[in-house]
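Reviewing the structure listed below.
What follows is calculated from the coordinates using simple rules that are stated; it is not laboratory data. These numbers were taken from a predicted model, which means no experiment stands behind them. All Cβ positions, glycine included, derive from the backbone under ideal geometry; neighbour counts span all protein chains shown.
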Amino acid sequence: MTPAADLLTPAGSQLLDRLRGLDVTPELAMRLAEELRGHYPADLIAAALTQQSLRTAAREKFSRADEMFFTRAGLEMASPELVARHSARRFAGLAPVADLCCGIGGDLTALAEVARRLIAVDTDADALRFARQNVAAVSAGAAGAAGLTGAEVEYVCADVVHLPPELLAGAAAVFIDPARRAGRHRLRAGDSQPPLDWCIGLAGQVPLVCIKFAPGIAHELVPAGWELEFVAVGRALKEALLWSPAFATTQRRATVLPGGDTLVTSEGPAVPVTEPGGYLLDPSPAVTRAGLVQELARDLGAWQIDPMIAFLSVDEQVSTPFARTMRILASMPWHEKQAARKLRELGVGSADIRRRGLAGDVEQIRRRLGLQGDRSATIVLTRREGRPWGLICEEVAAPGQDQATGPGDLR
């Protein structure tokens, strides 16, 4: 048996129960390993300590993480529960649904909530064992909450590229999450196992296909007729979903969770390009990756401040899940000495400096500005009409919208 399989034995279950709820730091792991030696095999202790550490990390993605099983690669590849449930909704009522390259079952658990029959396939026997346990754990929680019975799942340990044709012949739909890692190493952007072209070819066997892919996917890799959806949770871009023509309802889509708000491709006049107004809008990364900045601008009555930059502007405050809103206090060609004087006039003593379209070391710029005062602001460094431009802004928090992002760059 492998160390992972050992965790599913009675001794493994007992040991994991002892570790439940602990935050296994490296120091604590060393102490626990010493305490447990003599009671359990060394390999089992190491596997259990690793598993408890993974469960702790998985709480950010899964509400029942403490009852689930993970591999390190499987947890990294797994969609957050919220995102998995979003993609699973289109599979409601379909049976059977084949989940290819299912890994530890992050998406499988969501599909099991909407589909009564599933075929789960993965070449990693340990990951497949964990997927079985995870579906059972999540289904038990759902059954306790709603009195439901679990989905019927067939587990197949095989390379999806060499599946018997009859296994997919009866499938109503396919969900596939091709691996973007080889061992411990990430594959190059756009590469996967199986390759994207092979995944796209599945639509020739089963018309209803969804491919989960990295959000950096190039648009030109997606065939005509397929829908390309980019999904963000708050300001964090999580993944791309490629929906086959039988699933597709638009060309490109941006979805922002947790609200599930969606923006799709539409036709309309070109958006004007002119100087900033009273407010600056920074579109969600899902919107920019989907190439829907113009659609958002038309919906909001906004304009661009530069044709090559995704920033939008309006004169009146707007609230939208598809963009962060900032009130513009000052707008000017970017010259550090002039900007420093304006910041002193405004009493800005602390600032989040963000760049788009301009290079430069954020911390060096901050030091040279010599900020002094009690006011906080956001300094946006960008371009307008091809030349460096600076905007001093205040964040306008929309109800229920996370406005925070990391320093230095707008994402």
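When the Karplus curve 6.51 cos²θ - 1.76 cosθ + 1.60 is applied with θ = phi - 60°, which whole-Hz ³J(HN,Hα) does each residue of the stretch 257-270 get, with x for Gly and Pro?
Working through the residues one at a time gives 9, x, x, x, 5, 9, 10, 10, 4, 8, 9, x, x, 4 Hz.
Taking the highest mean first, how do the peptides 153-159, 230-236 order by number of other beta carbon atoms within 10 angstrom per residue?
Working: 153-159: 15.9, 230-236: 21.6.
Result, highest mean first: 230-236, 153-159.
Defining a contact as two alpha carbons under 8 Å apart and six or more residues distant in sequence, what relative contact order in percent does the chain show?
9 percent
Can you tell me the dipole magnitude for the chain around its Cα centre, using point charges on the Cβ only (Lys, Arg +1; Asp, Glu -1), in Debye to the nearest 20?
1020 debye
If each Cα of the stretch 74-262 is one equal point scatterer, what is log10 of I(q)/I(0) from the Debye formula at q = 0.11, 0.15, 0.18, 0.19 Å⁻¹?
-0.44, -0.86, -1.30, -1.46
At ALA11 and THR265, where each label point lies 7 Å from the Cα along Cα→Cβ, what is the point-to-point distance in nanometres?
5.8 nm
Starting with the highest mean, order 279-287, 371-379 by the number of other Cβ atoms within 10 Å, averaged over the residues of each peptide.
279-287, 371-379
When the chain is fully extended, how far beyond the present Cα-Cα distance does ALA140 get from ARG298, taking 0.36 nm per residue of separation? Can you show the working numbers first?
Working: separation 158, 0.36 × 158 = 56.88 nm, distance 4.60 nm.
Between ALA140 and ARG298, full extension yields an extra 52.3 nm.
Are there trypsin sites (Lys or Arg not before Pro) in the stretch 48-154 that DSSP puts in a loop and that have at most 15 other Cβ atoms within 10 Å, and which ones?
Answer in residue order: ARG59, ARG116.
If you rank HIS185, HIS219 by fewest surrounding Cβ atoms within 10 Å, what's the result?
Working: HIS185 7, HIS219 12.
Ordered by Cβ neighbours within 10 Å, fewest first: HIS185, HIS219.
Hey, rough spin-label estimate for GLU152 and LEU167, points 7 angstrom out along Cα→Cβ, what's it come to in nanometres?
Going by the 7 Å Cα→Cβ label model, 1.9 nm.
Using a Förster radius of 41 Å, what is the FRET efficiency between GLN338 and ARG89 based on their Cβ-Cβ separation? Nearest 0.05, please.
Calculated transfer efficiency: 0.20.
From zero up to wherever the largest Cα-Cα distance of the stretch 3-58 sits, split into 5 Å bins and tell me the percent of pairs in each.
Bins of 5 Å from zero give 4, 22, 36, 27, 10, 1 percent of pairs.
How compact and how long is the chain, expressed as Rg and Dmax of its alpha-carbon atoms in Å?
According to the Cα coordinates of the chain, Rg and Dmax are 24.8, 74 Å.
Could you give the nm distance between label points at ASP315 and GLU35, where each point is 7 Å from its Cα heading toward the beta carbon?
6.8 nm
For the ranges 324-331, 206-213, what's the packing order if you count other beta-carbon atoms within 10 Å of each residue, average per peptide, and put the highest first? Write out the running numbers ahead of the final one.
Values: 324-331: 19.5, 206-213: 21.5.
Answer by packing, highest mean first, reads 206-213, 324-331.
What residues have an amide H closer than 5 Å to that of GLY373, excluding those fewer than 5 places away on the same chain, when H is modeled at 1.01 Å from N in the peptide plane?
Residues meeting the amide H criterion: GLY349.
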